[in-house]
């Protein structure tokens, strides 16, 4: 009975991942997407990789827009993390496991190993439990040790559902306009003080870039991308 229950649970989890992946792909086809300075990310991927930083809560609109086997998404060891890792893989990314609360050292090593292979790890820099929009030092440490730049990415949806979670997880409505903007920050120096300073600088850069998406004239380099 235990084996049968285990097999059933495994099947249900796979079915959930398949359905969620399909939902994301179908929803993406309805969005009108504009990118701002997307070359920043593509250039970094082509030139040895980078640490990709984004905010918790903005994962879903970004997930179908950057699919590449040269990007690795980081997912926690929680049940939700297992589902996320499965979806990440089905969308076409590589996946890494671990978080700052569980498997943190393993996650950092996996991210560094990925960068050595020219694969860019993507991390929610205010996770896994917040506070929202407060940058943790993990991504900065990876960039400092690997001496690779940090490519930060933010997005804004014209209309979206926002879940009542700490990260205000957003799901853009069908037909919404989704704007995605990119920035680049050089790797900080190693050491606690330098990483703290780097975390503060990254936070300010990301918040400023998010604010710029609210004023279209501040982002003149927009480019439409097809579904």
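The numbers here are math on the coordinates, done by the rules we state, and not lab data. Remember, it's a predicted structure, so these values are computed and weren't measured experimentally. Counting neighbours? That spans all protein chains shown, and the Cβs are built from the backbone with ideal geometry, glycine included.
Every helix of 4 or more DSSP H residues in the chain counts as -39500 (n - 2.57), and over all residues that averages to -13500 deg cm²/dmol at 222 nm. Normalised by the number of residues in the chain, the mean separation of alpha-carbon contacts (under 8 Å, six or more apart) gives a relative contact order of 28 percent.
Among 83-89, 39-45, 164-170, the peptide with the highest mean count of other Cβ atoms within 10 Å heads the list, and the full ranking is 83-89, 39-45, 164-170. Rg/Rh for the chain stands at 0.97; both radii use Cα atoms, and Rh follows the Kirkwood definition.
Please work out the Cα center distance from region 144-220 to region 60-78, rounded to the nearest Å. Result: 15 Å between the Cα centres. Taking label points 7 Å from Cα along the Cα-to-Cβ direction, residue 11 and residue 43 give a separation of 5.2 nm. For region 48-182, relative contact order (Cα pairs under 8 Å, six or more residues apart, normalised by length) works out to 32 percent. Put in order of Cβ neighbour count within 10 Å, fewest first, the listed residues 206, 62 become 62, 206. Listed from fewest to most Cβ neighbours within 10 Å, the set 24, 151 follows the order 24, 151. Modelled label positions at residue 194 and residue 65, each set 7 Å beyond Cα in the direction of Cβ, lie 3.2 nm from each other.
First measure r as the distance between the Cβ atoms of residue 168 and residue 19, then evaluate 1/(1 + (r/R0)^6) with R0 = 30 Å and state the FRET efficiency to the nearest 0.05.
0.80
DSSP assigns beta bridges within region 2-225; of those with both partners inside it, close to 45 percent run antiparallel. Taking R0 as 25 Å, what FRET efficiency do you get between residue 78 and residue 29 from their Cβ-Cβ distance, rounded to the nearest 0.05? My answer for the efficiency is 0.25.
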